[in-house]
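Let me begin by presenting the structure, written as structure tokens, before commenting on it.
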Amino acid sequence: MRRIRITLAYDGTDFHGWQAQPGLPTVQGTVEAAFAEIEGRAVPVAASGRTDAGVHALAQVAAVSLENPIPLPNLRRALNRLLPPSIRILEVEEAEPDFHPRYQAAAKHYEYRVWRSEVCPPFDWRYVHHHPYPLDTERMLALAPLLEGENDFTAFAASDESDRLGGSKVRTIFSSRLALEAEKLVYRVCGSGFLKHMVRNIAGTLLEAGKGNLDAGGLRELLRPGCGRKAGPAAPAKGLFLIRVEYGAGPRVAGTSECSEGPES
């Protein structure tokens with residue numbers, strides 16, 4: 001049995017997220033169907049994490065166990081022939097038998113994109129949140145780094161079926177920065193892991209700060225354990241991209257070591 005690590009990109013617009021769901025088009029379900037055709041049996045595909053409906057990925061990492069001896073270059077070509085153009089397999093490589101893309105991930109990089117000018121080009125519309133209204137971007141830029149470090153992100157998490165297990169909602173954010181790039185406002189965040197809707201809620205909270213509805217004190221209050229309030233509202237899914245996943249030692253909190261930013265499109 002071979003353990004194969006794959007890196008894939010996808011346009012999440014027409015999918016109900018990564019996780020397979022009966023009767024709904026999902027990225028996982030589509031990729032598993034392609035592997036099943038190659039392997040001749042059902043093949044589970046595990047990913048580094050579940051992206052929400054409408055969220056995109058430039059370099060999601062997943063893994064699968066196969067018996068088929070097909071050479072890796074041929075496997076990549078076969079998968080891309082079977083998959084729709086909205087999902088592309090970028091890389092395939094042999095992995096250790098115990099490799100798990102989620103449990104062994106050291107850091108994940110996300111990017112949220114906001115289009116600021118009045119007219120959003122049709123070729124960008126599917127991949128940005130169009131917000132042409134006044135924002136105090138200086139306040140937003142100043143508040144973004146306050147999320148760095150180890151914090152309780154309960155206020156930034158949507159309810160999830162795993163909540164009944166009582167897992168910790170403490171996460172470490174290595175880097176949290178906002179940048180103005182021509183017509184776009186781009187939020188980049190790198191962390192040890194993310195809760196359901198966490199990045200979208202952070203982006204929505206920063207937009208609230210830009211509207212004048214939140215200051216530094218209010219943001220710090222949201223990070224206080226047991227604050228009892230919810231952040232957000234969540235920014236629309238279509239502006240969110242999973243940029244890449246790191247393995248190995250991983251980065252440190254900004255200011256102690258570099259947490260490299262993902263590629264720009």
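Any read-out appearing in this document is the output of simple, stated calculations on the displayed coordinates, not a laboratory observation. It should be emphasised that the depicted structure is a prediction, and the values quoted were computed from it without experimental measurement. Using ideal geometry, Cβ is built from the backbone for each residue, glycine included, and neighbour counts are taken over all protein chains shown.
A few remarks follow.
- Structure-based [θ]222 nm, the chain - -39500 (n - 2.57) summed over DSSP H runs of at least 4, per residue, nearest 500: -5500 deg cm²/dmol
- Note that the stretch 142-149 has calculated 3J(HN,Hα) couplings of 6, 7, 3, x, 5, 7, 6, x Hz, one per residue in order, obtained from phi through the Karplus relation 6.51 cos²θ - 1.76 cosθ + 1.60 (θ = phi - 60°); glycine and proline are x.
- Order of ARG224, ARG41 under a 10 Å beta carbon neighbour criterion, fewest first: ARG41, ARG224
- Pairs from the list LYS108/LYS211; LYS169/LYS238; LYS184/LYS211; LYS169/LYS211 with a Cα-Cα gap above 20 Å: LYS108/LYS211; LYS169/LYS238; LYS169/LYS211.
- Taking the DSSP beta bridges with both ends in the chain, the antiparallel portion is around 90 percent.
- Farthest toward positive dipole pole in the chain [+1 Lys/Arg, -1 Asp/Glu at C-beta], among LEU146, PRO22, VAL170: PRO22
- For the chain, the calculated P(r) over all alpha carbon pairs, in 10 Å bins from 0 to the bin holding the longest distance, is 7, 29, 34, 21, 8, 1 percent.
- Fraction of antiparallel bridges per DSSP, the stretch 105-247 only, in percent to nearest 5: 95 percent
- Mean separation of Cα contacts under 8 Å (6+ apart) over length of the chain, as relative contact order %: 23 percent
- Averaging Cα coordinates gives a centre for the stretch 42-113 and one for the stretch 1-26; these two points are 8 Å apart.
- Reference-scaled alpha-carbon Rg (2.2 N^0.38 Å with N residues) for the stretch 171-242: 1.10
- Sequentially through the stretch 191-197, phi angles give Karplus couplings (6.51, -1.76, 1.60; θ = phi - 60°) of x, 5, x, 9, 7, 4, 6 Hz, Gly and Pro residues having no value and appearing as x.
- Scaling the Cα radius of gyration of the stretch 2-94 by the globular reference 2.2 N^0.38 Å produces a ratio of 0.98.
- Taking a sphere under 10 Å around the Cβ of VAL61 and counting the other residues whose Cβ falls inside, with K and R at +1 and D and E at -1, yields a net charge of +2.
- Amide hydrogen neighbours beyond the local backbone of ALA46, cut-off 5 Å, H modeled: ALA63
- Taking PRO71, PRO145, PRO233 as the candidate residues, the one with maximal mean-square fluctuation in a Gaussian network model of the chain, Cα springs under 10 Å, is PRO71.
- Full extension of the chain between PHE123 and ARG229 gives 34.5 nm of extra length, using 0.36 nm per residue less the Cα-Cα distance.
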